[in-house]
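The structure appears right after this line, and notes come after that.
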Amino acid sequence: MTATPEKAAAVETVSLTIDGTEVTVPKGTLIIRAAEEVGIDIPRFCDHPALKPAGACRQCLVDVAAPDREGNVRPFPKPQASCTMTVMEGMVVNTQHTSEAADKAQKGVMELLLINHPLDCPICDKGGECPLQNQAMSNGRTESRFIDVKRVFEKPLALSSEILLDRERCVLCQRCTRFSKEIAGDAFIDLQNRGAMQQIGTFNEDVLNFDGYEPIGVAAEDESGKAFSSYYSGNTVQICPVGALTSAAYRFRSRPFDLVSSPSISEHDSSGSAIRVDHRRGKILRRLADQDMVVNEDWITDKDRFAFAWQNLADRITRPLVRGEDGELHEASWPQALAAAAAGLKAATTGEDAQGAAVLPGARVTLEDAYAYSKFARLALGTHDIDARTRIASDEEQAFLGATVAGSGLGVTFADLEKAPAVLLAGFEAEDEGGVVFLRLRKSLGRQQVFTIAPFLSRGAEKLDATLIPTAPGGEGKALAAVKGSTAASEALKAEGAVIVVGERLAGSPGALTQALALAKRTGAKLVWIPRRAGERAALEAGALPGLLPGGRSVTSASAVQTVADAWGGTLPTGPGRDAAAIVADAAAGKVGALVVGGVTPSDVTGPFAEALERTPFVLSLEVRRGEVAEYADVVLPVAPPSEKAGTFVNWEGRLRGFATAIPTDAMGDHRVLDLLARELGTDLQTGSVADVYAQIAALGSAAKGERPEVPKVETAKVDAKPGASLVLASWHQLVDEGALQEGEPYLAGTGRTAVARIAPATAVAAGIADGVVTVASAHGAIELPVVVTDGMADGVVWVPTKSPGSWVAQELGVEPGALVTVKGGVA
Amino acid sequence: MTESDDVWKVNRERDGQAKPFESNLPQAGPVGKIFAPVAGFGVTMRNFFKPTVTEQYPEKKVAPMPRYHGRHQLNRYADGLEKCIGCELCAWACPADAIYVEADSNTPDEQYSPGERYGRVYQINYLRCIFCGLCIEACPTRALTMTNEYELAGPTREGLIYEKQDLLAPMGEAMLAAPHPMVPGTVDDDYYRGDVLKVVEEQTEWVRENRPEDPTLPENRGMHEENPEHRRSEHSDARLNVARHQTANTASWRGGSI
Ligand code: SF4
Ligand code: SF4
Ligand code: SF4
Ligand code: FES
């Protein structure tokens, strides 16, 4: 199940002696790593296993002797940096534990590092978990001999709204700059100046203090002109070995000994990154990356790290709400609220002219929750009208997912992505929609060919050195079909291990998924679907889709229905049900008796969702916060946010990412609430505990042969993208935007990219737009954004971010990507 | 014969040799023996006319030794800014886990202490404190010291968790209540070195502009009976009563140490 075993190639090894202990390690190992193998700790600052050696801090000096040509072991004249020197057969290394010279050298380096260090530990956030503090105690002098005035800098320097730099604390280890360059590819900070004034800084001439010099290299600025901020900048705070880099959100908030650390899984994207949640007195103070070498390695996105305030905002609900006679929501007891909810649902599902109920669980669900929603809809409400995809979706997509993804277990993995010699991205922006997927791809920069089928080369794709196949939304199917013969992409994908990544946005492009399957077959490349949100894969596995039952079983397969009905001990309705778009449309037309809504934010839904909620006689909302749905809901049942429940996210690999309760409260997960509600309706779902759900899912397994939906065969559509009055709308979510789970975190929001509208040069010329603010309008509404003419972009397309400040596409334009819109305004 | 039997034998032999008990107290004569039953009254009578040594607490309070470990106090600089920077070192040092601190950032509008950081929440739980004084040793800014106040009893548990405003030192004569800006031209180090000796006009101006009603402004001084800075938080009436009592009785000997 796990990554394919490495070919057991005979690894060349080297034997050496460290502090008198014989150790054998693979050739090319650094001395510092070899020492770790035998439990010998060498102090270090700049060394980080995930970054290239730098030898910047000199704290790791050790005494080394190595055999010369004659084989006589001769000592090096001076202590050597153990983090940059690789091992050699017969080497004799003496660390500070056995060599006085090494010990003296380390103490000397420490003394030098501390000369300009402010020693302001009492106000420093790192105090208590600081490698400098610890190593100054273990490997430093007990008394300072420095009596002169220390160098001071103005502090803190705001690198972005979130990341603050106190330069005087910096030990110039360059972990941060190396991370930015090597891992994230956002060189937004660098080492500047020299000598005592050497410092880390942004590309700012005031800081650089040289007049008239242009910033060198990719001192990337975004469209707003502000220094470019990275989606991964929070990692620098975590790896900074001193308190020089701090985050505005956590600055001065607590001490490590205050905090209870609970391992968890991020709820923000489908990668299922391992995180550590640090909380005090029931309140989350910060989140850190947890190391998980098979998934997120050492890194997480800033959204994973900083966006956690949403669950404890003022509108958090902890008690059920029931709409009273007066039309207002009132707090109620659980038994009252459950009774009210059951009564409402019963009225909608039983009786002569019952219109039936539909379920929109949202795609932030855990596997347990998704399963409970799925079972609840089928058994308690007797309907297949359940769809977690309150986003762009299609029947083709459902067939594709059911046929190839659901219940397929671990498919393409992060490791496969890293190893792939070629990757084709279609309808998927690795940086904006994939988070750490981007970092994995970037790890193979230079070893991997990346092609992207997109309207323009996004910054993320640019950092992957990707080749753009400019495509208007809707044209992805044709573009995929065109990857054949001797095209570069086709040739590259034929290499063993190549991967085609399709994103959830391909659902909006008829025939694209059909073509993706064909392309995979044609080239032998592996195909993987990477959705954006954390619950997409779980919803699919659990059958929270109108045409799918758990394990990829089709609702139209009699044997599949029988299997599930037997396992559940009930009868299933006849299917298939309506998808989310149809449910919303029908509800808006007053044709749905009751709606059960989970974590769905109305402003994210294209279509008349507000009318749907308004016109549906009974709306039940299961929410963490008193959100927009509550305004229309008749009963609101509070559910636990991820930190207050246990559960399992299923990441895009199909890997189960279980997490335990970080903060125990009496909040219940959706699956438990639904279990209680179903009992009230006279059905026993047995989804009260995570273990129960697990057992059921395990017993169900995945679809037998012939029980899956047919592989889709849909004709590709023709898109009419050409410069003119109407342009094809392209859009995707930026990683940092105004999503509901990023609320309450202004510092993070400040690092988001400025919302702009992008058009191709020829399109701009045809429209007479060169600059200024343009109005992108649909029949429903309009968005005003500054325009950026983007080279290499597909013609006849306008791109806007999906939910960035001032650009809420679903709410304002009310159309999905691929629709025609007009662009007006701007200056020539 | 075991060893222990042996020991017993030796002991018995020694007992046999022991002399009969003789008291070494002076023995009363025949007259003394007659009065013996009432001799105790003599002791009473004698002490009746000696000066008393019992401390008349609580009617009369006596100051303990100057370095007595009493209730804590959060000190201020001469200009009224708080010394506490919210570093939590006191909480860390405390063996009884009696201290709870939450820090926050000073802002230009709300500068409570010199520098960037101040203690927003500061609690000492006197049900836990063992008065060891490790916390005051840990404090890097001398913000936390101990007074000689020892009346730390109360009818409620919450009442014995002292909040920041309960622990803050009373405003000195020439101090200006925080928040207000630092003395212009100074940095936090100047405060730590003890170079800030008084409130300057700019600070008074600032407070005048932002809190004209502030009782620590020169023009408002003496308008209030009680110093509002040293009022116990009003969680419970019982606690408030204790506080009044303390304020009334302890004014003359507060701040004995440091
Ligand atoms: S800011 Fe931190 S990580 Fe960056 S060079 Fe300085 S000490 Fe190293
Ligand atoms: S005196 Fe001792 S027990 Fe009391 S708060 Fe200070 S450190 Fe804790
Ligand atoms: S009282 Fe002293 S040790 Fe405690 S938080 Fe304040 S400054 Fe730090
Ligand atoms: S850890 Fe070796 S030089 Fe920094």
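Which whole-number value in Å² is the accessible area per residue of region A:486-539, probe 1.4 Å?
Values: 1590 Å² over 54 residues.
Accessible area per residue: 29 Å².
Residues whose amide H comes within less than 5 Å of that of A:ARG316, counting only those at least five positions distant or on another chain, are A:ARG626 (H built at 1.01 Å from N in the peptide plane). Membrane-span-like helices in chain A, defined purely by DSSP H runs whose alpha carbon atoms cover 18 Å or more axially and whose average Kyte-Doolittle hydropathy reaches 0.0, are A:100-115, A:334-349. Using a 1.4 Å probe over protein heavy atoms, the accessible area lost on pairing B with A, summed over both chains, comes to approximately 1400 Å². Orientation-averaged projection of region A:517-604 equals 8.4 nm² [convex hull of Cα atoms, one quarter of hull surface area]. When Rg and the Kirkwood radius Rh are both evaluated on Cα atoms of region A:278-402, their ratio Rg/Rh stands at 1.06. Three principal axis extents of region A:538-680 based on alpha-carbon atoms, in descending order, are 41, 40, 33 Å. Rounded, prolate or oblate, given the Cα gyration tensor of region A:334-400, with a/c below 1.5 counting as rounded? It is oblate, given that a/c is not under 1.5 and a/b is not larger than b/c. Bridging of A:LYS346 to aspartates and glutamates at a Cα separation below 18 Å is possible for A:ASP385, A:ASP634, A:ASP675, A:GLU680, A:ASP684, once same-chain residues fewer than 8 apart are set aside.
Pairs from the list A:LYS181/A:LYS303; A:LYS443/A:LYS484; A:LYS155/B:LYS198; A:LYS419/A:LYS803; A:LYS803/A:LYS824 with a Cα-Cα gap above 23 Å: A:LYS443/A:LYS484; A:LYS155/B:LYS198; A:LYS419/A:LYS803. Packing-based ranking of A:532-540, A:659-667, A:73-81 yields A:532-540, A:659-667, A:73-81, ordered from highest to lowest mean Cβ neighbour count within 10 Å.
For the protein assembly as shown, the fraction of C-alpha pairs farther apart than 53 angstrom is 35 percent. Sorted largest first, the spans of the alpha carbon positions of region A:74-159 along the three principal axes are 49, 31, 22 Å.
As a ratio to 2.2 N^0.38 Å, the alpha-carbon radius of gyration computed for region A:397-502 takes the value 1.03. Karplus-derived 3J(HN,Hα) values for region B:38-53, using 6.51 cos²θ - 1.76 cosθ + 1.60 with θ = phi - 60°, are 10, 4, x, 4, x, 4, 4, 4, 4, 6, 4, 9, 7, x, 6, 10 Hz; glycine and proline are entered as x.
Counting every pair of alpha carbons in region B:4-153, the share spaced more than 18 Å apart comes to 74 percent.
Among rounded, prolate and oblate, which fits region A:657-747 when a ≥ b ≥ c are the square roots of the eigenvalues of its C-alpha gyration tensor, a/c under 1.5 means rounded, and a/b larger than b/c means prolate? Oblate, because a/c is 1.5 or more while a/b does not exceed b/c. Beta bridges assigned by DSSP with both partners in chain A are antiparallel in approximately 60 percent of cases.
Which net charge results for the neighbourhood of A:ALA248, defined as the other residues with beta-carbon distances under 11 angstrom from its beta-carbon, given Lys and Arg at +1 and Asp and Glu at -1? Please report the intermediate quantities before stating the final value.
Numbers: positive: A:ARG251, A:ARG253; negative: A:ASP125, A:GLU162, A:GLU745.
Charge balance near A:ALA248 sits at -1.
Both radii come from the Cα set of region A:227-318: Rg as radius of gyration, Rh as Kirkwood radius; their ratio Rg/Rh reads 0.96. Computed over region A:674-828, the P(r) tail beyond 29 angstrom holds 45 percent of alpha carbon pairs.
Placing +1 on the Cβ of every Lys and Arg and -1 on the Cβ of every Asp and Glu, with nothing else charged, gives the protein assembly as shown a dipole about its Cα centre of roughly 1960 debye.
Give the carbon-plus-sulfur fraction of the accessible surface of chain A in %, rounded to a whole number; probe 1.4 Å, heavy atoms of protein chains only. Walk me through the numbers on the way to the answer.
Details: 16610 of 31770 Å².
Of all accessible area on chain A, carbon and sulfur atoms account for 52 percent.
Sum up the charges of everything whose Cβ sits under 12 Å from the Cβ of B:GLU201, counting Lys and Arg as +1 and Asp and Glu as -1, but leave B:GLU201 out.
Details: positive: B:LYS198, B:ARG208; negative: B:ASP79, B:GLU202, B:GLU205.
Cβ neighbours under 12 Å give a net charge of -1.
Would you mind getting the Kirkwood hydrodynamic radius of region A:438-569 from its Cα pairs, rounded to one decimal in Å? Before the final figure, lay out the partial values.
Working: mean 1/r = 0.0600 Å⁻¹.
Radius from the Kirkwood sum: 16.7 Å.
Any idea what the alpha-carbon Rg over 2.2 N^0.38 Å comes to for region A:723-804?
Numbers: Rg = 13.8 Å, N = 82, 2.2 N^0.38 = 11.7 Å.
The value comes to 1.17.
The values are calculated or read from the model by the stated rules, or taken from the named source; none is laboratory data. Fair warning: this is a prediction, and the values are worked out from it, not measured in the lab. With ideal geometry, Cβ positions are generated from the backbone for all residues, glycine too; neighbour counts draw on all protein chains shown. The area values use the complete protein model at the heavy-atom level, side chains included, leaving out ligands, DNA and RNA. Shrake-Rupley method; radii C 1.70, N 1.55, O 1.52, S 1.80 Å.
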